[in-house]
Amino acid sequence: MSDENVDPLRAAVGSGLVIVVSGPGGVGKGTVVGALVESRPELRLSRSWTTREQRPGERDDAYTFVDEETFLENLDAGRFLEWNHFLGVAYYGSPVPDEPLSQDLILEIDVNGARQVFNRGIESLYIFIDTPSVDDQRARLIGRGDATDQVDRRMAAGQLERDNAKDLPYHHVINDDVWRAAAEIGALIDQYRVDGTRPSSC
């Protein structure tokens with residue numbers, strides 16, 4: 001297959017595994033993924049770009065924070081694997097890796113982005129993280145300082161995420177404990193390596 005016909009995601013990852021992690025806002029996706037990456041050096045997290053403001057106390061490396069003009073310029077240039085305009089307020093996108101990777105790649109993205117990856121035909125492991133209940137999700141959103149109207153919008157968007165996830169091949173993981181959830185995802189990765197379809201290099 002000629003280089004121009006190779007999907008940029010597959011070209012970057014080669015024969016490695018692509019792991020797509022999704023879930024409603026406030027369920028602790030970033031914390032669980034952080035624990036997973038910390039415990040497994042063979043994994044690399046793709047740092048998403050966003051146009052939203054950095055939250056108080058949020059790590060500088062949680063996202064690449066950019067203005068809307070910069071994001072849209074890169075979008076027009078085809079430099080994102082997937083992207084979304086979340087709640088019509090902020091843009092999010094996963095950049096195309098700028099060099100081939102020696103690690104498996106984790107994409108922490110919403111269901112819309114996951115569907116974009118799925119439609120590209122890239123064989124991937126799909127993980128959907130959720131809270132034990134919607135009351136837990138609301139409590140976590142409030143606890144991280146979201147305003148009441150933001151909480152309500154994110155709760156509604158979270159239910160839409162759950163509904164839209166039903167037609168994608170997600171494995172569902174409940175985040176009732178960060179390290180337990182990370183260990184469960186790790187076990188799913190190990191199982192996928194043995195039983196799943198591992199893509200060959202293009």
Handout entry: Index of the failed condition, Ile129 passing every other in (1) assigned to a helix (DSSP H, G or I); (2) in contact with a helix residue (DSSP H, G or I) (Cβ under 9 Å, 6 or more places away or on another chain)
Key = (1)
Exercise for the section: Report those strands (runs of 3 or more DSSP E) wholly inside the stretch 17-112 carrying at least 1 residues which are hydroxyl-bearing (Ser, Thr, Tyr) and either farther than 30 Å from Pro132 by Cβ or free of Cβ contacts under 8 Å to residues at least 40 places away in the same chain (or both). Expected result: 90-95
Exercise for the section: Please enumerate the residues belonging to the stretch 49-101 that are among the small types (Gly, Ala, Ser) and either in contact with an Asp or Glu (Cβ under 8 Å, 6 or more places away or on another chain) or surrounded by 13 or more Cβ atoms within 10 Å (Cβ to Cβ) (or both). Expected result: Ala62, Ala90, Gly93, Ser94
Handout entry: Complete set of residues in the stretch 67-108 that are within 15 Å of the chain's Cα centre (by Cα) and of a type outside the set (A, V, I, L, M, F, W, C)
Key = Glu82, Asn84, His85, Tyr91, Tyr92, Gly93, Ser94, Pro95, Pro97, Asp104, Glu108
Exercise for the section: Return yes or no: is Leu17 buried (at least 20 other Cβ atoms within 10 Å of the Cβ) and either farther than 25 Å from Tyr192 by Cα or not β-branched (Val, Ile, Thr) (or both)? Expected result: yes
Exercise for the section: Please verify whether the stretch 143-155 includes one or more residues that are more than 22 Å from His171 (Cα to Cα) and part of a strand (DSSP E or B). Expected result: no
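All of the numbers you see were taken from the coordinates with simple rules; none came from a lab. Keep in mind it's a predicted model, so treat the numbers as computed, not measured. Ideal geometry is used to build each Cβ from the backbone, glycine not excepted, and the neighbour counts take in all protein chains shown.
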